[in-house]
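**Q** Pasting a structure here, questions to come.
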Amino acid sequence: MNSAAIAADTSATNAPPRKSFREVWVIAIGHGLTHWYPATFYLLLPLIGKELGLDYSQIGLIMSCQYIAGAISNVPGGMLVDTVGKKGLLMALSLFWVGFPYLLMSFTHSYVMLLMCVAMVGVGNNLWHPTAIPMLAQRFPERKGLVLSLHGMGGNAGDALAPLAIGALLATFSWRQIVVMNAIPGAIMSVLILVSVGTLTFGRKKKPVAASEETSQKVGEYAHGLRALLRNRVLILLAVSSAFRSMTQTTLLTFLPVFLAYEMGYSPMWIGSCMFMLQAAGFAAAPVAGHLSDTMGRRRIIVTSMAMTAVVLAFMAVAGRSHAFVVFIAILGFFLYAVRPVLQAWLLEATPKNMGGTSIGVLFGMQALGSAVGPILGGVAADHWGLMSTFYFLACTIVVANLFVFFVPVPENEKRVAKI
């Protein structure tokens, strides 16, 4: 064998094995369940409110309680991830923590207990993202835009499929029976995640994982990293931009069904179909945007998607009660949801790997604040200037989100691409 062949054989032997996407799909399905549960609750909430005799403000407080708990728990959740490690175990715990409170709801007849359950859901749900997103980015550093978009697709799938499935089940079962049945897939998926990431082996050889996924940090090391992280300009600007983007998304999800019911006169079935269309478009957009951001750069994809979101929202306001309004819903979903994984990938590239959980915690904490404020402002606008004014308001919020992106320093890899 000649020297060239020997060198090639040695290179092939030493080359890192190509990572399987199986774990990506498992984690994406787990992410889908973290979205499935809240999407289920939106459909069950009117039935729960009627049974417990709740007024509109009490029903609204239920969702506010979940968002507030999420906003408070995001940053501590990220700190827990970065200091404890054991990401596989924490993901399984998060998924179980989301499903178990819904099981408790089946036994409660108390409003206070109901608030405690949804607060627990908010905490568990927001432990998932600081754990799963940095882990995927670390395992696939060259394709993080794509893998994070696949992770986002799981969330879109949960949001889209839950209303259809639960709506069908409600024809046969009560809401209490449904929340009991809903706890089962979460428990099964928790075990599957533990097996997939190598925490449980059942006699198999444990798979090697990156040291940053399992190792912990000392308090002093973490405190030093946290101080540097909070001075990171990219983190701050992207988090604020994402808060305005989430404000747009949550307010849209709140008032789009109201507009379709009150102004368009649609039946619940057609409203559910329109909401499914919005999420399905986002499902299709995520891998496209993620892949393009890996090759063309994060900034270009984010700016384009947010600009198109503002344009489509303005067109929807102009279209009013025409059938064109419904067509714009699918177009809107494509551009609105395309941004999420790209923002996450950009943030993780601009922050230290050992602070990934905290970085994502800050991002999602700001998003939760935007989600809590947006519907209130949208409702005020609708009360004063009509429901259509809410869509003009949303076009403005997404423009503001885009303005913050313009002030983010251009990544070095995008500078090199621009020179070519």
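The values are calculated or read from the model by the stated rules, or taken from the named source; none is laboratory data. If you're wondering where the values come from, they're calculated on a predicted model, not measured in any experiment. When we count neighbours, we look across all protein chains shown, and the Cβ atoms used for this are built from the backbone with ideal geometry, even at glycine. Ligands, DNA and RNA are excluded from the accessible area calculation, which covers all protein heavy atoms including side chains. Shrake-Rupley method; radii C 1.70, N 1.55, O 1.52, S 1.80 Å.
**Q** Does Arg299 satisfy being more than 27 Å from Ser94 (Cβ to Cβ), within 20 Å of the chain's Cα centre (by Cα) and assigned to a helix (DSSP H, G or I)?
**A** Yes, satisfied.
**Q** On to the next question. Do we have Gly99 as under 16 Å from Pro130 (Cα atoms), touching a helix residue (DSSP H, G or I) at 6+ places or on another chain (Cβ under 6 Å) and in a helix (DSSP H, G or I) here?
**A** No.
**Q** Something else about it: Determine which member of the set Phe173, Phe140 is more than 24 Å from Phe276 (Cα to Cα) and surrounded by fewer than 23 Cβ atoms within 10 Å (Cβ to Cβ).
**A** Phe140
**Q** Could you please tell me which pairs satisfy a Cβ distance under 6 Å, a separation of 6+ or placement on different chains, a first residue in region 240-251 that is part of a helix (DSSP H, G or I), and a second residue that is β-branched (Val, Ile, Thr)?
**A** If the second residue must be β-branched (Val, Ile, Thr), the pairs left are Ser241/Val405; Phe244/Thr397; Phe244/Val400; Met247/Thr397; Thr248/Thr397; Thr248/Ile398.
**Q** Got at least one residue in region 36-58 being closer than 21 Å to Gly357 by Cβ and modelled with pLDDT of 80 or more?
**A** Within region 36-58, none of the residues are closer than 21 Å to Gly357 by Cβ and modelled with pLDDT of 80 or more.
Results for (1) buried (at least 18 other Cβ atoms within 10 Å of the Cβ); (2) closer than 25 Å to Leu230 by Cα, shown as yes or no for each residue.
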| residue | (1), (2) |
| --- | --- |
| Leu363 | yes, yes |
| Ala368 | yes, yes |
| Ala382 | yes, no |
| Ser389 | no, no |
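**Q** Next question, about the same structure. Test of understanding: among Met63, Met91, which residue is within 25 Å of Tyr222 (Cβ to Cβ), touching a Leu at 6+ places or on another chain (Cβ under 9 Å) and not hydroxyl-bearing (Ser, Thr, Tyr)?
**A** It is Met91.
**Q** Looking at region 247-279, which of its residues are within 17 Å of the chain's Cα centre (by Cα), open to solvent by less than 50 Å² (accessible area, probe 1.4 Å) and within 13 Å of Ala382 (Cβ to Cβ)?
**A** Thr251, Leu252
**Q** Scan region 314-322 and tell me whether some residue there is at pLDDT below 80, of a type in the set (Lys, Arg) and assigned to a helix (DSSP H, G or I).
**A** Within region 314-322, not a single residue is at pLDDT below 80, of a type in the set (Lys, Arg) and assigned to a helix (DSSP H, G or I).
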